[in-house]
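Single-structure report; data block below.
A short reminder: the numbers here are calculations on the coordinates, not readings from a lab. Nothing here was measured: the structure is a model prediction, and the numbers come from that model. Methodologically, a virtual Cβ is constructed for each residue, glycine included, from the backbone with ideal geometry; neighbour enumeration extends over all protein chains shown.
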Amino acid sequence: MESRIASAVNSRYAADPVRTGLGVEPLKRAVLDNLTFHLGRMLRQAKPHDYYLALAYAVRDRLLQRWMQTHETYANHSIKVACYLSAEFMVGPHLGSNLLSLGIEDAAREALAELGQDLDLILDEEEEPGLGNGGLGRLAACYLESLATLEMPSVGYGIRYEFGIFDQEIRDGWQAEITDKWLRHGNPWEIVRPDIACAVKVGGHTEGFHDGDGRYRVRWVPGHVVLGIPYDTPILGYEINTCNTMRLWSAQACESFDFQAFNVGDYYRAVDAKVISETLTKVLYPNDEPAVGKKLRLMQQYFFVSCSLQDMLRVHGLIGVPLERFPEKFAVQLNDTHPSIAIAELMRLLVDERGVIWEKAWEITQRTFGYTNHTLLPEALETWPLPLFQSMLPRHLEIIYEINRRFLEEVRLRFPADEARVARVSLIDEANEKRVRMAHLACVGSHAINGVARLHTELLQKSVLADFYALWPERFSNKTNGVTPRRFVRLANPGLSTLISSHLGESWIRDLEQLKAVEPLAEDDDFRRRWRQVKLENKRRLAKQIYDRTGVELPPEWLFDVQVKRIHEYKRQHLNLLHIITLYARLKNKPTLEFPPRAFIFAGKAAPGYDRAKRIIRLVHGVAEVVNGDPDVNRRLRVAFFPDFNVKNAQYIYPAADLSEQISTAGKEASGTGNMKFALNGALTIGTLDGANVEIRDAVGAENFFLFGQNADEVAQLRRAGYRPWEYVEDNPELAEALTLIRDGLFSRGDREMFRPLLDDIMIRDEYLLCADYADYLQSQETVSNAWRDTENWTRVSILNTARMGRFSSDRAIREYCKEIWGVRPVRVHLEE
Ligand code: NBG
């Protein structure tokens, strides 16, 4: 005993087989220990959720050992750290991925079995942290996982929302939003760090003064101060000791009570301040919402950014090198404009709080930041009304004015007598109501600017950021998105993984380009048979989930045609519906029509205030009701909506798809990442030349991709020429019929009003060009049906899709960021036994 304590003290942390052992026995022991000493549960009363927690704590112990060793290693090196600033991290359930990374799935399964529990049921108990809206948040999570797997020193900084993205329920075919109480049963994966809390100022005013050296300085006198408490979640790399940190900030009142107010008897005002501070990190904002009541959103952004930069400066202070060298220690990436106030905040921290001169501070700032743009949609580019900005961040507004003054001076020098250009690039939009343009702030303050797919980056340079590209072409680069094969193949699709590994071994999981070696197997009859077998199993698994949740039965032998993603007009779920309605009409008009049966599967959330998106969900259900209930068609056509699309549900869906619908209007989808998850799992894609579809098609081969629709140039040309959607409707009887069926109330039980707003949009303006792309889409869908009839060839193409998708691993993307933007290099962590 003595010696164990002594050796623990000497080795900097305590090692204990029950808390660190990876075998069946120590895991079993740990689960039992945790049930008793962590949870206080009698064994005979322990429920599956108790077992989940007990196992989670056992796994966490093993993570912490690696986590601390990682900290030690990083502290001992003059290493550079990548800091990924993101308002969203949609990490998904932790237990499965941590078991995988530790290499103890089998041991855990056996340990639980000995305790009479089934690991799969226990995994299902985990409530996932849904701290993101969709692709952007999930990308951030994939990147943290790849950073750890590639042994790159890094921290993900974000917000610990008490309520993440709402849970979706369907009532009478409409979406209902339920608050996501993900913390209600506790969160075993996080470690709270009150010892390194940060204070964040809000509101108030600024004052000028002269400091001891006679220099003019500015002091910010805040209206109030909020405390940021960090919650750390260890992010373990796959089969590696590197265990990085996701540090999420939670807001707390500085004092639980304002004692002064309390003393003068104003008890309720005292509590009020606490309530206001603590609502700051209450809820994640769904995107696509109108910009009202968003004051809190700007506050959230500032809050987490300020905490994160203060945290970096604290660490930087500990290593004792001069501030000028801050950019050698930290590379900070802005995940979209949400954290872009960081540019002004770092300037404030350096100039006001550390007395660095402006020019020096600006150089440090620019060398520190990189900015990733994730959208071309004008309505999604963030701007803040000046008065709102002024009232909350008075000092930052002054700093932005000064940045802008110097910046516009430079623009005028480079482009004399071009005031139109000056107005276009200014950080302040002076037209109409004055606003701060956050994307411009991000561009001016960063040394690197990137888009998320080749086409997207090209379009950025040509359109939204053209003026900045003209100024600094050398700052621009492309970083095509990627997804982690650990979660989206190995965990989500164990059948396929086993089949691949039986030929390649397991190294493809960390080096996805190795999938290339599967290509020749496409010609192997037996391999194709087994490939189909895996897909069929996955489809059975999904069909069961869908049946359990919706009562819709989908025969697993049918073609599974899947579109899952946020519901948005530009993603055109309603174009997919027009296809289904046309098939329905064809089958009704000609019951003997030869047609290979198809199951159409949808999933996705609509922003609570996005009327059209919610009607699209309603229309999916309306079409499902008619199609599934009609004996003339339901032997060949069925439609299902899988409710509550999230990471956990996605893991059932991607592996079961035959056809992936990536049908956005060209030029609208920045990249897409679902498109990658589908193709990687052997789905064939029907899609437009949009986002990363372009590169996926290049990779898998044009002959293995169902292309349709106008490309981005043609879309722009069509608009310039004056687009008249009704002409397409007049020219196409099937399109006209589909629209008429909706209008007449067939899918709304006779209600002719329910879908009128959708129809009016399509017939009058058709912003997203459904009418222009309809005929080609239908044509392409026919090609799909014909291809599906040739089972052997379909399988061949499916295999080729998987084999050629290696480039779309988030490992490749992260290597590019590390090398070309961050200058971050891998550091090996050795485990001290
Ligand atoms: C989204 C794009 C997607 C892209 C993800 C990740 C935002 C603002 N953008 O096309 O719409 O795949 O970002 O880059 O959520």
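Where helices (runs of 4 or more DSSP H) fall wholly inside region 759-816, the ranges with 1 or more residues that are more than 29 Å from the chain's Cα centre (by Cα) are 770-789, 791-803. Taking the residues in region 339-382 that are hydrophobic (A, V, I, L, M, F, W, C) and either in a loop (DSSP other than H, G, I, E, B) or within 16 Å of the ligand (Cβ to nearest atom) (or both) as candidates, determine which candidate is surrounded by the most Cβ atoms within 10 Å (Cβ to Cβ). Checking each candidate, the answer is 341. Residue 152 falls short on exactly one of the conditions (1) of a type in the set (A, V, I, L, M); (2) farther than 21 Å from residue 82 by Cα; (3) surrounded by 17 or more Cβ atoms within 10 Å (Cβ to Cβ), and that condition is (2). The criterion of at least 2 residues that are away from the ligand (no atom under 16 Å from the Cβ), in contact with a helix residue (DSSP H, G or I) (Cβ under 7 Å, 6 or more places away or on another chain) and in contact (Cβ under 8 Å) with a residue 24 or more places away in the chain is met by the following helices (runs of 4 or more DSSP H) wholly inside region 432-495: 438-444, 466-471.
Residues in region 741-756 that are part of a helix (DSSP H, G or I) and hydrophobic (A, V, I, L, M, F, W, C): 741, 742.
Would you confirm whether any residue within region 604-622 is of a type in the set (A, V, I, L, M), touching a residue at least 12 places away in the same chain (Cβ under 8 Å) and assigned to a loop (DSSP other than H, G, I, E, B)? Yes, region 604-622 has at least one match. Of the residues making up region 647-663, just one is more than 19 Å from residue 704 (Cα to Cα) and crowded, with 23+ Cβ neighbours inside 10 Å, namely 653. Scanning region 680-709 for residues that are more than 21 Å from the chain's Cα centre (by Cα), outside any strand (DSSP E or B) and within 11 Å of residue 663 (Cα to Cα) yields a total of 4. When we screen 232, 180, 195 for residues that are away from the ligand (no atom under 16 Å from the Cβ) and in a helix (DSSP H, G or I), the only hit is 195.
Every residue, every condition in (1) more than 15 Å from the ligand (Cβ to nearest atom); (2) more than 18 Å from the chain's Cα centre (by Cα), yes or no:
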{"position": "98", "(1), (2)": "yes, yes"}
{"position": "117", "(1), (2)": "yes, yes"}
{"position": "124", "(1), (2)": "yes, yes"}
{"position": "128", "(1), (2)": "yes, no"}
{"position": "131", "(1), (2)": "no, no"}
{"position": "137", "(1), (2)": "no, no"}
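Candidates in region 550-574 are the residues that are in a helix (DSSP H, G or I) and within 25 Å of the chain's Cα centre (by Cα); of these, the one that is nearest to residue 742 (Cα to Cα) is 574.
Summed over region 650-678, residues that are touching a residue at least 24 places away in the same chain (Cβ under 8 Å) and part of a helix (DSSP H, G or I) total 11.
Which of the residues spanning region 522-550 are small (Gly, Ala, Ser) and closer than 17 Å to residue 652 by Cα? Steps first, please.
Kept after step one, since they are small (Gly, Ala, Ser), are these residues of region 522-550: 522, 543.
Within region 522-550, just 543 meets the criteria.
Is at least one residue of region 296-306 buried (at least 24 other Cβ atoms within 10 Å of the Cβ) and part of a loop (DSSP other than H, G, I, E, B)? Among the residues of region 296-306, not one is buried (at least 24 other Cβ atoms within 10 Å of the Cβ) and part of a loop (DSSP other than H, G, I, E, B), which makes the answer no.
The set of residues in region 514-559 that are of a type in the set (Phe, Trp, Tyr) and under 21 Å from residue 808 (Cβ atoms) contains only 531.
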